[in-house]
Amino acid sequence: MAIASRITTRALSTFAAAKLPEAAVAAAGAEAVTLPSSAQHHQQQQQVLEFEDTGRLFTGEPSTALVRTLAALQLMSAGPLVDVGIAALRSPAVAASPVVQAAARATAYKHFCAGETADEAAARVQRLWRGGMGGILDYGIEDAEDGAACDRNVAGFLAAVDVAAALPPGSASVCIKITALCPIALLEKASDLLRWQHKHPSLHLPWKQHSFPILSDSSPLYLTPSEPVALTAEEERELQLAHERLLAVGARCAEHDIPLLVDAEYATVQPAIDYFTFVGALACNGDGRPIVSGTVQAYLRDARDRLEAMVRAAEEERVHLGVKVVRGAYLTREARLAESLGVPSPIHGSIQDTHDCYNGCAAFLLERVRRGSASLMLATHNVESGQLAAARAQELGIGKGDRNLQFAQLMGMADGLSLGLRNAGFQVSKYLPYGPVEHIIPYLIRRAEENRGLLSASTFDRQLLRKELVRRFKNAVMGRE
């Protein structure tokens, strides 16, 4: 069967159902099936993206770069080798070793990261821009322990905004993590209080500002089994400082019209992250294109409920909502936490349920993009989701140059999908983490886990790369190139 030509009937039904979110759709088998002629015609309509012609797909990409990429992805798909590397990086003592850091720099860091400084990342953005794509500058810092570290981090984020402002207009956005702006322990306490307030609405939180809905009844409220202790005056002051750090970055972005994407993280702190994000959105977003965008993780069971609640609230308040939809990158962490607490995992029970949730959220938000009430970034490495979203956007008449619809993939991953979307005329950006190796280690561990083994996220890219390199070799031997 042709590369990327299969779209499951279940996926098609998920997108169809999303046109009417309340409609119930019977579950279909998750495996690709042989479709009858009418369904085959519908499937053909979905093929907005072209991957068969790898010569066109990789036009302008030098063969040496393709070989390096294939070698890196192949290396990181070797399960036992990756397990050893992950174990080394998880050990603080081992990870601090100059030898281990040199090995990480020469392998995973070089493939997934844009450099150690903002200027190096900016140079990558400029190369992407010349090739028809944009870049998302991500100063790769997270999990601050105290206020002093947060102050250092906000300076790094502001520097990223200034670098983005000096790049060609529209070529760059900036991504941040709230765990870099507010101490982890405080985010955990605030999240506990927000969960408890959702269960007990009469609870008064004096520090809480006006926001969009943060939780739903399907959220993992069981992570807070008993009433938490209120924040101290000092903690409330530190929380206010964290707000001010976020608003300082948001104001700098608004000054230069640079989109600010706030990453989602793990369940124990996500309520506080969403709270910060929505307060920032209310402060910085107007009726037009938003500055601050939050992130919905489709692997969470409560993702759709929370998304619909926040969209309703934003529309009622006439605030242009910005949303980035991802599947989620903290699977191992969430599973271990749930197991240790003896509680259900907040993550869907199957990968297909996650796919269905992602596609449903995407279709729901594409309708809002069409209406002009939301901006959407679809961050996905899944070819089927990319095909379905591109086809739905085309059906809705959303212009391919519309900046309110963007696709994004991580640097070093899903390059085939990025190029296919670019070639089809859509707005595409690559996520560009940068910073010292020791600061990027948590990010590298997540990427290594995603690319591990036979079912790794890089399988499709490796297939495309092999096909193109074989084609180029044959043509070189035959004297065509």
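The values are calculated or read from the model by the stated rules, or taken from the named source; none is laboratory data. Note that the structure is a prediction, hence the values are computed from the model and not measured. Using ideal geometry, Cβ is built from the backbone for each residue, glycine included, and neighbour counts are taken over all protein chains shown. For the accessible areas, the whole protein counts, side chains as well, though only heavy atoms, and no ligand, DNA or RNA atoms are used. Shrake-Rupley method; radii C 1.70, N 1.55, O 1.52, S 1.80 Å.
Longer than 22 Å from Cα to Cα, which of LYS177/LYS324; LYS400/LYS430; LYS208/LYS324 are they? Say none if no pair is. Numbers along the way, then the final one.
On the way: LYS177/LYS324 14 Å; LYS400/LYS430 17 Å; LYS208/LYS324 24 Å.
Distance filter (> 22 Å) returns LYS208/LYS324.
I need the calculated FRET efficiency for the pair ALA313 and HIS256, taking r as the beta carbon distance and R₀ as 41 Å, to the nearest 0.05. All intermediate terms of the calculation are to be shown ahead of the outcome.
Details: r = 28 Å, r/R0 = 0.67.
The formula returns an efficiency of 0.90 here.
In region 385-449, what trypsin sites (Lys or Arg not before Pro) fall in a loop by DSSP, with at most 16 other Cβ atoms inside 10 Å?
Numbers: sites: ARG392, LYS400, ARG403, ARG422, LYS430, ARG446, ARG447; in loops: LYS400, ARG403.
Passing both the DSSP loop test and the Cβ count: LYS400, ARG403.
Subtracting the Cα-Cα distance from 0.36 nm times the residue separation, let me have the gained length for HIS200 to ALA106 in nm, one decimal. Could you put the intermediate results ahead of the total?
Details: separation 94, 0.36 × 94 = 33.84 nm, distance 5.14 nm.
Additional length available on full extension: 28.7 nm.
Per 5 Å bin, what percent of the C-alpha pairs of region 139-197 does each bin hold, from zero upward?
The distribution over region 139-197 is 4, 20, 21, 17, 15, 11, 7, 5, 2, 0, given as percents.
Using 7 Å Cα-to-Cβ label points, what is the GLN47/ALA65 separation (nm, one decimal)?
Result for the modelled spin labels: 2.7 nm.
Quick check for you: which residues of region 319-350 have the amide N under 12 Å from the point 7 Å beyond the Cα of SER218 toward its beta carbon?
Hits in region 319-350 for SER218 at 12 Å: 347-349.
Enter the accessible area of GLU188 (Å², nearest 10), with the probe set to 1.4 Å and all protein chains included.
70 Å²
In Å, what Rg and Dmax follow from the Cα atoms of region 189-346?
Over region 189-346's Cα set, Rg and Dmax evaluate to 15.7, 47 Å.
Taking 10 °C and 1.306 mPa s as the conditions, I'd like the Stokes-Einstein D for region 235-315 in µm²/s, using the Kirkwood hydrodynamic radius from alpha carbon pairs.
Working: Rh = 13.5 Å.
The estimated diffusion coefficient comes to 118 µm²/s.
Carbon-plus-sulfur fraction of the accessible area of region 91-230, 1.4 Å probe, in percent?
Values: 3560 of 6120 Å².
In region 91-230, the share of accessible area belonging to carbon and sulfur is 58 percent.
Find how much the distance from LYS400 to TRP207 grows on full extension, using 0.36 nm per residue of separation minus their present alpha carbon separation; answer in nm with one decimal. Please list the in-between numbers first.
Numbers: separation 193, 0.36 × 193 = 69.48 nm, distance 4.23 nm.
Contour length minus the Cα-Cα distance gives 65.3 nm.
Give the value in nm², to one decimal: projected area of the alpha carbon convex hull of region 288-425, averaged over all directions.
Average projection, Cα convex hull of region 288-425: 8.9 nm².
Calculated FRET efficiency, ASP119 and ALA476, Cβ-Cβ r, R0 35 Å, to nearest 0.05?
Values: r = 37 Å, r/R0 = 1.04.
The value I calculate is 0.45.
So what's the convex hull volume per residue for the Cα atoms of region 292-346, in Å³? Please list the in-between numbers first.
On the way: hull volume 4.6 nm³, N = 55.
Given the Cα convex hull of region 292-346, per-residue volume reads 84 Å³.
When all protein chains stay in place, what accessible area (Å², nearest 10, 1.4 Å probe) is found for HIS439?
70 Å²
Once both labels are modelled 7 Å past Cα along the beta-carbon direction, what's the ALA233-GLN463 spacing in nm?
Between ALA233 and GLN463, the simple spin-label model gives 6.3 nm.
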